[in-house]
Amino acid sequence: MPGYEPYLLCDFHVHTRWSDGRLTLREVVDLYGRTGRFDVIAITDHILMKRDLLARAGRLLSLGRRDFSVTETRFQAYLVDIAAEATRARRLYDLLVIPGAEITQNHIRSKKNSHIVALNISEHISADQTAEDILRAIRRQRALSIACHPHHRPTRRIEIGTSFLWDQRKRLVDLVDVWEAANRDDLFSVTSVKHYPYVASSDFHKPKHLYSWKTLLRCEKNWDAIARTLRANVDVALTLYRNGSWAA
């Protein structure tokens, strides 16, 4: 963007058919890569609790053809697939692909729900533990945690509440690296009121979600630089990506 070089256009919350996304990992890479605009994406498929009711319903509807979760037995194959596509993405599109997962807790009582993206993880993290333990496990891997859609949606629609981390922020804030200030088309202004480090993400599940909130970073295109910039919350901006164009 003229006058704002060298910002990187990033999306840190992307799902594929490894969980509940519509597209395969390769199709997602090609969708982002062929725009000619994106610099960084993170593949963050769901790691679900073993008794996740929505996943059970989905498996029944798909007649067992979909698992909707990156289970511990599937995790290494998931990382291998991401690594292969990351090599192809860098060669074809100069697109950096970061491995990650969304560790997802969906309880009957929505007030207990937390969705935590872990960026650049190398080991499976179980969703069947407390949110605090999940965050500590991410920290032990020297990975980066993002609190996903941490507050109530500003628009009324049927959605699962995921505000546990926000409700427990006084206790957990030192363990959360970054908070989503924007997710798809929603803004969570509460994060800026508290001056928390923030990102904007698409929560991508299907092609139309490409056109949504994204993050701009001014740093080198490598994981160490990206992680430092996100944690410092310096040279970070939010942008809407719309119909092939973007503006801060």
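Of all the listed residues (A127, A131, A118), the sole one being in contact with a Gly (Cβ under 8 Å, 6 or more places away or on another chain) and of a type in the set (A, V, I, L, M) is A118.
Once segment 113-140 is narrowed to residues that are out of contact with any strand residue (DSSP E or B) (no Cβ under 7 Å at 6 or more places or on another chain) and not in a loop (DSSP other than H, G, I, E, B), the residue that is most open to solvent (accessible area, probe 1.4 Å) is R140.
Within segment 151-174, if we keep just the residues that are open to solvent by 10 Å² or more (accessible area, probe 1.4 Å) and under 24 Å from Q141 (Cβ atoms), the residue that is modelled with the lowest pLDDT turns out to be T162. Please work out if D177 is more than 20 Å from G33 (Cβ to Cβ), exposed (fewer than 15 other Cβ atoms within 10 Å of the Cβ), at pLDDT 95 or above and not basic (K, R). Criteria not met by D177. Annotation: L48 fulfils all but one of (1) buried (at least 23 other Cβ atoms within 10 Å of the Cβ); (2) modelled with pLDDT of 95 or more; the unmet one is (2). Residues being under 20 Å from P150 (Cα atoms), in a loop (DSSP other than H, G, I, E, B) and of a type in the set (K, R): count how many of those fall in segment 185-244. Residues that pass the stated criteria total 1. Could you please let me know if S189 is open to solvent by 60 Å² or more (accessible area, probe 1.4 Å) and of a type in the set (G, A, S)? So S189 passes the test. Here are some residues: A89, A55. Which one is at pLDDT below 95 and of a type in the set (A, V, I, L, M, F, W, C)? Of A89, A55, the one residue that is at pLDDT below 95 and of a type in the set (A, V, I, L, M, F, W, C) is A55.
The values are calculated or read from the model by the stated rules, or taken from the named source; none is laboratory data. Computed from a predicted structure; not experimentally measured. Every residue, glycine among them, receives a Cβ derived from its backbone with ideal geometry; neighbour counts consider all protein chains shown. Ligands, DNA and RNA are excluded from the accessible area calculation, which covers all protein heavy atoms including side chains. Shrake-Rupley method; radii C 1.70, N 1.55, O 1.52, S 1.80 Å.
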